1. What does the charge count around Gly513 come to, taking other residues whose C-beta lies under 11 Å from its C-beta (Lys +1, Arg +1, Asp -1, Glu -1)?
2. Label the stretch 442-582 by shape, choosing from rounded, prolate and oblate, from the square roots a ≥ b ≥ c of the eigenvalues of the Cα gyration tensor; if a/c is under 1.5 it is rounded, and otherwise prolate applies when a/b is larger than b/c, oblate when it is not.
3. Express in nm, to one decimal, how much length is gained between Lys590 and Arg130 on full extension, taking 0.36 nm for each residue of separation and deducting their alpha carbon distance.
4. Listing Ile689, Ile301 from the residue with the fewest other Cβ atoms within 10 Å to the one with the most, what is the order?
5. What shape does the stretch 640-756 have by the C-alpha gyration tensor, where a ≥ b ≥ c are the square roots of the eigenvalues, rounded means a/c under 1.5, and otherwise prolate means a/b greater than b/c and oblate the rest?
6. How many nm separate the modelled label positions at Lys484 and Ile677, each set 7 Å beyond the Cα in the direction of the Cβ?
7. Looking at the chain, which longest stretch skips every one of the GluC sites (Glu not before Pro) that is in a DSSP loop with at most 14 other Cβ atoms within 10 Å, leaving the sites themselves out?
8. Given Cα pairs under 8 Å that are at least 6 residues apart, what percent is the relative contact order of the stretch 38-102?
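No value in this document is a laboratory result; all are computed from the given coordinates. In this text the structure is predicted, and so the values were computed from the model without any measurement. Heads up, the Cβs are rebuilt from the backbone with ideal geometry, glycines too, and the neighbour counts pull from every protein chain shown.
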Amino acid sequence: MTDKGLETHVLGTTRFLDDLDKPHNQVGGFVFPSPVAHGIIREIDFTEALQCPGVHAILSAKDIPGVNSMGPAAEDEPVLATSKVEYAGQAVLLVAADNRACAKKAMEKVKIRIEALPPVLDPEVAFKNRDFLFNPLHIERGEINSGFDLADHLLEGKLEIGGQEHFYLETQGSLATPLPDGSLHIASGTQDPTANQHAVAKALNIEASKVEVTVHVIGGGFGGKETQSTWCAVWSALLATACQRPVRMVLDRREDMVFTGKRHPAVAYYKVGYTGEGVLTAYSSRFLFDCGYCSDLSYAILERCMLHLDNAYYLPAIQSDIYPCKTNKASNTALRGFGAPQAIAVIEHIMEEVAAALDLDPALVRQRNFYAPGSRNVTPYGQVVKDNVLKAVWQQLLTSADYEKRKAAAADFNKRNKFTKRGLALVPVKFGISYTTTFLNQGAALVNLYKDGSLTVHQGGVEMGQGLYDKMKTVAGREFGLKKEAIRIYPVNTMIIPNTSATAASTGSDLNGHAIKRALDRLKKRLNGFISTTYNIPLSSIVWEDSLIYDKNKPDIKHPLKDLVQKAHAAQISLSEQAFYKTPGIYFDKTTATGKPFYYFVTGMALTEVEANMLTGDYRLLRTDILHDVGDSLDWAIDKGQIAGAFVQGMGWVTLEELIHDNRGNLLTSGPDTYKIPGIADIPEDFRIHPFPGNPFKGGILGSRAIGEPPLMYGLSVWLAIKNALSAYAGRAVILHIPATKERIVMYASAYGKMV
């Protein structure tokens, strides 16, 4: 345990949004959703519902003072439905009531008539109809036809990739409080306070300066509380303004799963050319992304997919088109990995298929295709792959994980067992760190040093269980020579740190940490001059350590920081400082799909071994080895936990977690009874996670590298290991779509092998 804030999570004493004290006159906010996935609203009457006891207001789109739109990138996402509904669960009315029971009774009195239209639920149908949310993305580098001509072999296929629910522990929520001067305070469970602020201002037709958004801590986000957290913020603000009393809106689990979007399902068609040694000469693909009914963040998600088609591999000739298919489902959104997992799943599947076709070791085929120094180190979008440690990680992992020995043992096991088979799979990752929309790569900080020697830090990063606050304390403590107990990271507040970027894209520590470091460096520089004069210490000899100041040449004479600060205050020296940081040297031309969109890449690898029963579909994760490049970790305990959690979340996506809609567009897997996420019994029996040593990133905060998203890709090793176990049973390579559920394993085993 490294921090009191993390300790409260373990003890269950963390106060999340729904645990905040109840303001005087507070009422609840509730949503009346569309019961159909696609239709035209012909009539809606809530006159009778308004008369129900305990009901304070019912709002429709007509009652929105400002703009009925809260899309982050396009004006295609209404706050409330107007003349049509486009997915089952879309908000039609808002209800302010004393409690959920009162709201439910009122909703039963609402008279609504919707002319149902056929819903489109399949991205392939949308593709055939040419129904896209925006223009498809396209990337092309090298001579694709020449690449295929150079190939000794061709491989074509199709891979279906399922979506994924975020399943954060705390559901979406917001508490809106109207203030006497016409402004509002919003306590929000969001990854993007600024987006909440501006969406509320837009809907209410007021200035953003009149909307204060605060975020203390949220119970998980994974991307699901970026844009879609604005819904509860806007809805509660509209109701609070109408009622002129605080409105707390917290979705229950079923509402959260039905209303909100998921990881984008996708269908990928691919064709590759390769040599007899398994080296790719050409790559062509077409992705059909199921985006849901509106744009949300889909453009950026498809863009990151496009920028990770290569994963860890050099592609001399590439051509790909990525289509944003519109369906009558909740708008799919950001989820850990942000489009990269779908792209990486396809290229890793291809590596397995190429190896099988040539009867080569998949680990060897991967190594032969890695980015390498010289002519094979430029991505399809033109960025040079620097600090490339892929081969070194590969060599170290295969050695430490006893790959050759275990591969032989698995082959022997498979010969001796008819219905239970083992499979191994290695998956590398090369993940780009930065927002691909360049201007978002910015952070700011304000630091205040108090007369008792304690420090408060204001910054724009949201703590959602990833340990950001603890890492920011580490940065502040190292820069200022303070113990963590003397540092407080203040909850995010848009009135103190304005115009923040979302805490997303694995950038939270980088952007905010650099801003904090800059602010403290400036304050420290100012105080060093005073220290030198006051204590007669040369500037080059001043040491800050454990809340003490001393001359490195006279370490026995120490001055408490508290005394220094009091003297500086008496001398009228400012004890506050602010700073701004923007990621240097990055740029990206979205028109040509060229540039340097990423500040750096995070690399690592995972090797997983499974044992699968072909009769029941049950499987065991015998062992997983992960070697991950964290640079100089700010906190290895936190980073190790993030790697483990990301792996398990990725594993869940490719095995257990399945989103099922009926033919009318209703989400059937809308709770933990029908939607299964990994439990403690699903993790590897032998789970080994190690940092790759000796590769600090000079441009990172204190030499560290980002941690949040890249390790999710390691979960793909479980899917591919199951695929290889199935292939061992079938006696040939099999195509295993995502997710590899137990039912699907049995069906595939039945189709490919003999069950008797």
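1. +3
2. Prolate, since a/c reaches 1.5 and a/b exceeds b/c.
3. 163.4 nm
4. Ile689, Ile301
5. Here the stretch 640-756 falls in the oblate category.
6. Here the answer is 2.5 nm between the modelled labels.
7. Free of exposed loop sites, the longest segment is 278-684.
8. This gives 45 percent for the stretch 38-102.
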